[in-house]
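First comes the structure, then the notes that go with it.
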Amino acid sequence: MNPFTAHLNPVHVRFGTDMDGVVGEEIKRLGLTKVLMLSTPQQAEDATKLAQALGEVCCGMFSQATMHTPVDVTNAAISLIARLNADGLVSFGGGSTTGLGKAIALRTGLPQIAVPTTYAGSEATPILGQTEAGKKTTLRDAAVLPSIIVYDVARTATLPLQMTMTSGLNAL
């Protein structure tokens with residue numbers, strides 16, 4: 001057998017079905033009182049349902065996450081966080097939303113809870129890709145890791161076949 005070294009990420013993972021209540025439990029466990037819900041425009045409706053299930057602890061929505069995490073989108077979200085005085089994030093969606101949550105966490109230090117809706121796995125890596133002025137850069141920093149990942153099987157059960165294949169291959 002060949003020896004190897006593994007660096008395991010210190011992320012708390014919850015897995016199951018009908019996990020909206022678990023997201024609320026984890027928000028309380030982290031001591032958060034005002035979280036901002038992040039999503040893409042396409043997933044805003046489902047993210048709003050989760051926000052409503054969380055109740056008053058969800059202080060707002062930012063549903064402008066987009067591919068490759070443009071810095072101007074991150075800055076707009078951070079401005080909203082400041083106005084709302086949010087103390088945490090819930091990133092609802094695939095890689096675009098996860099990337100936005102990571103970029104915000106890097107700049108603000110806010111804890112984030114990732115609620116993935118695809119299989120790509122970005123939520124479990126310390127890697128952040130961002131774009132600014134048409135140039136994409138990538139960095140590796142443990143500060144971008146979510147504090148908690150809540151995998152809800154029901155969130156991926158209706159994923160279209162093409163997206164299932166794309167995100168599954170990306171995960172591999």
Tabulated pairs, region 66-80, first free of Cβ contacts under 8 Å to residues at least 24 places away in the same chain and among the hydroxyl-bearing types (Ser, Thr, Tyr), second part of a helix (DSSP H, G or I) and open to solvent by less than 60 Å² (accessible area, probe 1.4 Å), C-beta under 7 angstrom, 6+ apart or interchain = none
Residues being under 15 Å from the mean Cα position of the chain (by Cα) and either basic (Lys, Arg) or open to solvent by 30 Å² or more (accessible area, probe 1.4 Å) (or both) - total across region 111-137 | 6
Out of the residues in region 5-45 that are open to solvent by 40 Å² or more (accessible area, probe 1.4 Å), at pLDDT 95 or above and acidic (Asp, Glu), which is nearest to Ala114 (Cα to Cα)?
-> Glu25
All conditions in (1) in contact with a Phe, Trp or Tyr (Cβ under 6 Å, 6 or more places away or on another chain); (2) in a helix (DSSP H, G or I) are true of Val115 except (2)
State whether the residues of region 60-67 include one that is open to solvent by 40 Å² or more (accessible area, probe 1.4 Å) and outside any loop (DSSP other than H, G, I, E, B).
-> yes
List the pairs whose first member sits in region 81-102 and is among the aromatic types (Phe, Trp, Tyr), whose second member is at pLDDT 95 or above and part of a strand (DSSP E or B), and whose Cβ atoms are under 8 Å apart, counting only residues at least 6 apart or on separate chains?
-> Phe92/Met37; Phe92/Leu38; Phe92/Val115
Is region 32-41 home to any residue that is in a helix (DSSP H, G or I), among the β-branched types (Val, Ile, Thr) and touching an Asp or Glu at 6+ places or on another chain (Cβ under 8 Å)?
-> no
Hey, Leu100 over 21 Å from Gln130 (Cα atoms) and of a type in the set (A, V, I, L, M) or not | no
Tell me, yes or no, whether region 82-89 has at least one residue that is crowded, with 22+ Cβ neighbours inside 10 Å and more than 12 Å from the chain's Cα centre (by Cα).
-> yes
Region 23-37 residues that are among the basic types (Lys, Arg), paired with ones that are in a loop (DSSP other than H, G, I, E, B) (beta carbon under 6 Å, 6 or more apart) = Lys34/Ala86; Lys34/Asp87
Hey, can you tell me all the residues within region 90-110 that are in contact with a strand residue (DSSP E or B) (Cβ under 7 Å, 6 or more places away or on another chain) and open to solvent by less than 10 Å² (accessible area, probe 1.4 Å)?
-> Val90, Ser91, Phe92, Thr97, Thr98, Gly99, Leu100, Gly101, Lys102, Ala103, Ile104, Ala105
Collect the residues in region 138-152 that are open to solvent by 60 Å² or more (accessible area, probe 1.4 Å) and assigned to a helix (DSSP H, G or I), keeping them in residue-number order.
-> Ala142
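The values are calculated or read from the model by the stated rules, or taken from the named source; none is laboratory data. Note that this is a predicted model, so its numbers are computed, not measured. In this analysis, Cβ positions are derived from the backbone assuming ideal geometry, glycine residues included, and neighbour counts consider all displayed protein chains. Surface areas here come from the heavy atoms of the whole protein model, side chains and all, with no ligands, DNA or RNA. Shrake-Rupley method; radii C 1.70, N 1.55, O 1.52, S 1.80 Å.
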